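Presented below is the structure to which this report refers.
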Amino acid sequence: MYNKIYEKKEFIIFQVKEGYVAYNTKKSFQEGHTHLRHFDAAKTAIDLVLNKKVPKSTDGYYLASLIRLSEDDFYINKINELLTTRKRKGKKEKYYNSGCKLAKRSC
């Protein structure tokens, strides 16, 4: 396996070809690892899981990564509730300012 570059409690981060892998050593590798592009994102994911905080302004992939890293069922359920709420709401419509003319770029 790869050399670890960061360790905190039962979590480790190691570098791969295109990014980083965060891994919870208390889970099997298949179920307890996630691929992230940036080291800071992997480190933040570990901190969020340890502190059981649910970020509100992240995408679904990152939330799924937190689920893969976590062992706490209550925390996983909170993230799943957020994901289902987002899915139910759907995407926001693109904002269009009807008072702004197309030829005028700075409104």
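Values quoted throughout were computed directly from the atomic coordinates according to the rules given, and no laboratory measurement underlies them. Since this is a predicted model, take the numbers as computed values, not measurements. Neighbour counts run over all protein chains shown; Cβ positions are idealised from the backbone, glycine included.
General observations
- Listed pairs LYS26/LYS87; LYS17/LYS91; LYS4/LYS87; LYS17/LYS53; LYS17/LYS78; LYS8/LYS56 exceeding 26 Å between Cα atoms: LYS26/LYS87; LYS17/LYS91; LYS4/LYS87; LYS17/LYS53; LYS17/LYS78
- Dipole magnitude for the stretch 4-89: about 280 debye, using +1 per Lys or Arg Cβ and -1 per Asp or Glu Cβ, origin at the Cα centre.
- Sequence-distant aspartates and glutamates (8 or more away, or on other chains) whose Cα lies within less than 15 Å of LYS92: ASP59
- Principal axis dimensions, largest first and in whole angstrom, of the stretch 4-89 by Cα: 39, 24, 22
- The stretch 28-42 - phi-based ³J(HN,Hα) in whole Hz, Karplus 6.51/-1.76/1.60, Gly and Pro as x: 5, 4, 4, 9, x, 10, 8, 9, 9, 7, 10, 4, 4, 5, 5
- Packing rank of 52-62, 69-79, where each peptide gets the mean count of other beta carbons within 10 Å, highest leading: 69-79, 52-62
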